[in-house]
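Worksheet: one structure, shown below.
Rule-based calculations on the coordinates, nothing more; no lab input. Computed from a predicted model, the values in this text were never measured in an experiment. Glycine gets a Cβ as well: all are built from the backbone with ideal geometry, and neighbour counts include every protein chain shown.
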Amino acid sequence: MLTHKELDWLKSLQVKKDRDQEQCFLVDNPKVISEHNKSQYFKKLYVTESASLKYQKYWANTDYTIINEIELKKISPSTTPQGAIAVFAFLPAKKFNYTTSAVLLLDGIQDPGNVGTILRTADWFGVKNIFLNSTCADIYNPKTIASSMGSIFNVKFYQNQNLLEVIEDLKKNDYKIIASDSHGQDNTLPTGKLAIIIGSEAHGISAELMTLADQRYQIKGHGQTESLNAAVATGIILYQINSR
């Protein structure tokens with residue numbers, strides 16, 4: 001059984017201001033937890049009795065606290081908890097060294113599921129550096145964490161960035177700035193180091209950022225829908241980059 005204090009603390013980590021204060025976040029995917037429960041950021045694990053047996057191989061040599069199903073439902077951000085939830089410390093800020101061949105710039109992507117899926121997609125294609133401005137969803141939002149499927153541990157992310165300043169620095173380091181634009185004219189990507197701007201589906205890329213783009217890249221389509229989901233567009237562009 002959890003104490004009231006610990007239960008309240010775990011529940012509080014679903015709220016951004018409390019996560020920021022405690023510098024901790026929750027992960028409730030047993031497989032993801034098992035892949036990272038030996039990392040220096042792992043703090044504590046809570047498992048139901050049935051999950052402790054079902055996922056026994058996952059928890060080998062890992063200390064955990066047994067909780068009941070009612071407690072799990074109270075602290076899990078998921079509507080269908082899988083029997084385990086872990087606390088991790090915030091990941092430390094990384095330094096960007098301007099040598100990687102491709103980076104992502106996320107402009108106002110407010111849906112945490114989209115942000116998490118973009119992290120996962122970038123991880124798949126080996127794009128490890130992602131800049132997010134202050135209007136993007138919180139990287140530690142439970143929905144972001146869930147949809148990233150553990151990729152949050154594999155990529156470098158830079159939150160609350162002034163993308164105008166980021167682009168200025170990228171240009172100084174020979175990056176070509178590519179804006180994903182459903183009304184763009186270009187259908188081919190240039191060679192060299194690229195910085196891809198992905199805007200929100202509702203508002204697109206801001207006019208200020210668009211003026212700094214070296215190219216407005218359009219993903220060619222043949223249907224009637226006006227635009228692509230931001231995460232889907234990211235996947236297509238990163239595939240195109242890898243296929244050059």
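Remark: the Lys16-Thr211 segment gains 66.9 nm on full extension, using 0.36 nm per residue and subtracting the alpha carbon distance.
With bins 10 Å wide beginning at 0, the percent of Cα pairs of the chain falling in each bin runs 7, 30, 30, 19, 11, 3, 0.
The length gained on full extension between Glu6 and Lys172, counted as 0.36 nm times the residue separation minus their Cα-Cα distance, comes to 54.9 nm. Using the alpha-carbon atoms, what tilt in degrees (0 to 90, nearest 10) does helix 112-124 show relative to the longest principal axis of the chain? Helix 112-124 sits at roughly 80 degrees to that axis.
GNM on the chain, alpha-carbon springs under 10 angstrom: the most fluctuating residue among Tyr140, Tyr64, Tyr46 is Tyr64. Tell me whether segment 187-241 comes out rounded, prolate or oblate; compute the Cα gyration tensor, take square roots of the eigenvalues as a ≥ b ≥ c, and use a/c under 1.5 as the rounded threshold. Oblate, since a/c reaches 1.5 and b/c is not below a/b. Would you please classify the overall shape of segment 4-89 from the alpha carbon gyration tensor, given that a ≥ b ≥ c denote the square roots of the eigenvalues, rounded means a/c under 1.5, and beyond that prolate means a/b larger than b/c while oblate covers the rest? Because a/c hits 1.5 or more and a/b fails to exceed b/c, segment 4-89 counts as oblate.
Ordered by the number of other Cβ atoms lying within 10 Å of each residue's own Cβ, fewest first, Phe157, Phe96 fall into the sequence Phe96, Phe157. Think of segment 102-242 as a dipole: +1 on every Lys or Arg Cβ, -1 on every Asp or Glu Cβ, centred on the Cα centre; then among Gly223, Pro190, Val166, Pro190 lies furthest on the positive end. Here Thr100, Thr80 are placed in order of increasing Cβ neighbour count within 10 Å, fewest first, which gives Thr80, Thr100. Of interest is the spacing of the C-alpha centroids, which for segment 34-72 and segment 171-214 amounts to 43 Å. Spacing of the modelled spin labels on Ser52 and Thr100, each 7 Å from Cα toward Cβ, amounts to 4.0 nm.
If only the Cβ of Lys and Arg carry +1 and only the Cβ of Asp and Glu carry -1, the dipole of the chain around its Cα centre is close to 640 debye.
Working from Cα positions, state the angle (0 to 90°, nearest 10) between the long axis of helix 163-172 and the longest principal axis of the chain. The helix 163-172 is inclined about 60 degrees to the chain. Local charge for Glu6 was computed over the other residues whose Cβ lies under 12 Å away, with Lys and Arg +1 and Asp and Glu -1, and equals +2.
Does segment 102-242 come out rounded, prolate or oblate, given a ≥ b ≥ c as the square roots of the eigenvalues of its C-alpha gyration tensor, rounded meaning a/c under 1.5 and, failing that, prolate meaning a/b above b/c? Because its axes are fairly even, with a/c under 1.5, segment 102-242 counts as rounded. The GNM of the chain, with springs linking C-alpha atoms under 10 angstrom apart, assigns the highest mean-square fluctuation among Ser147, Ser39, Ser182 to Ser39.
The angle separating the long axis of helix 230-242 from the principal Cα axis of greatest extent in the chain is about 60 degrees. Residues Ile241, Ile70, arranged from fewest to most other Cβ atoms within 10 angstrom of their Cβ, appear as Ile70, Ile241.
Assuming charge only on the beta carbon of Lys and Arg (+1) and of Asp and Glu (-1), the dipole of segment 101-244 about its Cα centre is about 460 debye to the nearest 20.
Each of Thr3, Pro81, Leu53 was placed along the dipole of segment 1-121 (beta-carbon charges, centred on the mean Cα), and the one lying farthest toward the positive end is Leu53.
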